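Structure record follows, encoded as structure tokens.
The values are calculated or read from the model by the stated rules, or taken from the named source; none is laboratory data. Predicted model only: the values in this text are computed from it and were never measured. Cβ sites come from the backbone with ideal geometry, for glycine too, and all protein chains shown count toward neighbours. Side chains are part of the model used for accessible areas, which takes the heavy atoms of the whole protein and leaves out ligands, DNA and RNA. Shrake-Rupley method; radii C 1.70, N 1.55, O 1.52, S 1.80 Å.
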Amino acid sequence: PNDHTEEKKSSWWLNRLIGRTKKTVTVDWPYPFVEGKLFVLTLSAGLEGYHVNVDGRHITSFPYRTGFALEDATGLALNGDIDVNAVFAASLPSTHPSFAPQRHLEMSDKWRAPPFPDGPVDMFIGVLSAGNHFAERMAVRKSWMQHSLIKSSRVVARFFVALHARKEVNIELKKEAEFFGDIVIVPYMDSYDLVVLKTVAICEYGVRTVSAKYIMKCDDDTFVRVDSSLNEANKIGDGKSLYIGNMNYYHKPLRSGKWSVTYEEWPEEDYPPYANGPGYIISSDVADFIATEFEERKLKLFKMEDVSMGMWVGQFNSTKRVEYVHNSKFCQFGCIEDYYTAHYQSPRQMLCMWHKLQIYGRPQCCNMR
Ligand SMILES: *[C@@H]1O[C@H](CO)[C@@H](O)[C@H](O)[C@H]1NC(C)=O
């Protein structure tokens, strides 16, 4: 769905279609279901969006959500009082419908990364991204990466992208990386379980390649206020070790469901205190500890990168005191007024938020998708 109303409308439609199989109703359109009768519903992912047919007749269509990659769809949910007899997955597309880098990327010099700084920098921002997220990266480049602190190379930002399962995506990704100069390609296949390796790569890059005072990690759907985030770190004072973000204390692993964590993966009852993944900052000594432990093959890895970070900072804290700073302005669930970081922002929202920052000088949310 393209936006919230569209989404509501189409799911309402679908619910109505399926939900009404229970009772007899009069409708003024060709109602495709009869109680107790079998039917075949076909959901196809076409050029422009999803199309729903029942028994060969077109019922409804809705467009793809902006910035949404078809590969992100990992499940199909059905609502209502129906029995599913069989599900077939057939003729899955061999080309990605939203795979159109030339449609998203704007090959203009003004969006290229500034020249690599000679000396140390104040902060390094590592942005986790997926190979086919061309639109997301472009929106970040055109919005908060235009901040004067980044333009003047006092803050450096890079995307961290692993290899995609599809060769065509990697070819385009390499071209994109060469042109914009802001992508670090980490040499393994992208998978949820290996995301934590990108975090290690961010630490390594931030201290070994860039020599930054602070290292920040975020996602490609995180809008970052670069100056406010850096200010938060600067407030702590020189020489101190720090870990700043939206902190979770006494969280426990989920032991059932889709996101469950086995006792083998995480034997303890609790997670260590950890900052939510979409936006946190550590000092360079902590990042250096992580990179060194990794190089010496001593670093313990857990699939959730934010919990891993909490664990590593905890280890570091047992030798040198770390200032843990909780601030809910590093917003995890979306956008709040006066945010430092906002999460789940679509490419359109990114551009809108940047625009609002420029015009009003105030951090304001954008509520469209
Ligand atoms: C960090 O270390 C200090 C001093 O040993 C300790 O009091 C504190 O509880 C530790 N913090 C965390 C979050 O582990």
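Under 12 Å from the Cβ of LEU149, count the other residues' Cβ atoms, weight Lys and Arg +1, Asp and Glu -1, and hand me the total. Computed value for this residue: +1.
The trypsin sites (Lys or Arg not before Pro) found in segment 279-317 that occupy coil by DSSP, while having at most 14 further C-beta atoms within 10 Å, are ARG297, LYS298, LYS300.
With a probe of 1.4 Å, find how much accessible area the chain has per residue, and write the answer as a whole number in Å². Write out the running numbers ahead of the final one.
On the way: 19230 Å² over 369 residues.
Roughly 52 Å² per residue, with all protein chains present.
Ignoring everything except DSSP H segments at least 4 long, calculate the 222 nm mean residue ellipticity for the chain; use -39,500 (n - 2.57) per segment, divide by total residues, nearest 500.
It lands at -8500 deg cm²/dmol.
Within a Cβ distance under 11 Å of GLU269, other residues only, what is the Lys/Arg minus Asp/Glu net charge? Present the calculation step by step, with values, prior to reporting the outcome.
Working: positive: LYS252, ARG255; negative: GLU268, ASP270.
Net local charge, GLU269 excluded: 0.
Cβ screening of the chain for cysteine pairs under 4.7 Å finds these without a partner: CYS203, CYS218, CYS331. Among beta bridges from DSSP that stay inside segment 101-360, the antiparallel ones total about 30%.
Residues within the reach of a label modelled at SER148 (point 7 angstrom out along Cα to beta-carbon, backbone nitrogen below 19 Å), restricted to segment 348-369, are 354-364. Mind checking which lysines have their Cα closer than 20 Å to the Cα of LYS37? Skip sequence neighbours fewer than 8 apart in that chain. By straight Cα distance, LYS37 reaches LYS22, LYS23. To the nearest 10 degrees, how steep is helix 284-295 against the longest Cα principal axis of the chain, on a 0 to 90 scale? It works out to around 70 degrees. Shape class for segment 258-310: oblate, because the ratio a/c of the largest to smallest gyration tensor axis (alpha-carbon atoms, square roots of eigenvalues) is 1.5 or more and b/c is at least a/b. Taking LYS258 as the anchor, which aspartates and glutamates have their alpha carbon closer than 20 Å to its alpha carbon, excluding any fewer than eight residues away along the same chain? Reachable aspartates and glutamates: GLU71, ASP72, ASP190, ASP193, GLU268, GLU269, ASP270, GLU305, ASP306.
How would you order 176-186, 118-128 from highest to lowest mean count of nearby Cβ atoms within 10 Å?
Working: 176-186: 17.1, 118-128: 19.5.
So the peptides 176-186, 118-128, ranked by packing, come out 118-128, 176-186.
Keeping the other protein chains in place, figure out the carbon and sulfur percent of the accessible area of the chain, with a 1.4 Å probe. All intermediate terms of the calculation are to be shown ahead of the outcome.
Working: 10300 of 19230 Å².
Its accessible area is 54 percent carbon and sulfur atoms.
Where both partners of a DSSP beta bridge lie in segment 242-369, what percent of those bridges are antiparallel, to the nearest 5? If you can, show how the numbers build up before the last one.
Working: 4 of 9 bridges.
The antiparallel fraction comes to roughly 45 percent.
Enter the angle in degrees (range 0 to 90, nearest 10) between the Cα long axis of helix 4-19 and the first principal axis of the Cα atoms of the chain, meaning the one along which they spread out most. Value to nearest ten degrees: 40. Please tell me which of these pairs span more than 28 angstrom C-alpha to C-alpha: LYS217/LYS356; LYS175/LYS356; LYS110/LYS356? Over 28 Å Cα-Cα: LYS175/LYS356. Electrostatic bookkeeping for ALA177 treats Lys and Arg as +1 and Asp and Glu as -1; over the other residues with beta carbon under 12 Å from its beta carbon, the sum is +1.
Rounded to the nearest 0.05, what FRET efficiency do ASN79 and ASP238 have when you use their Cβ-Cβ distance and R0 = 56 Å? Computed FRET efficiency for ASN79 and ASP238 comes out at 0.50.
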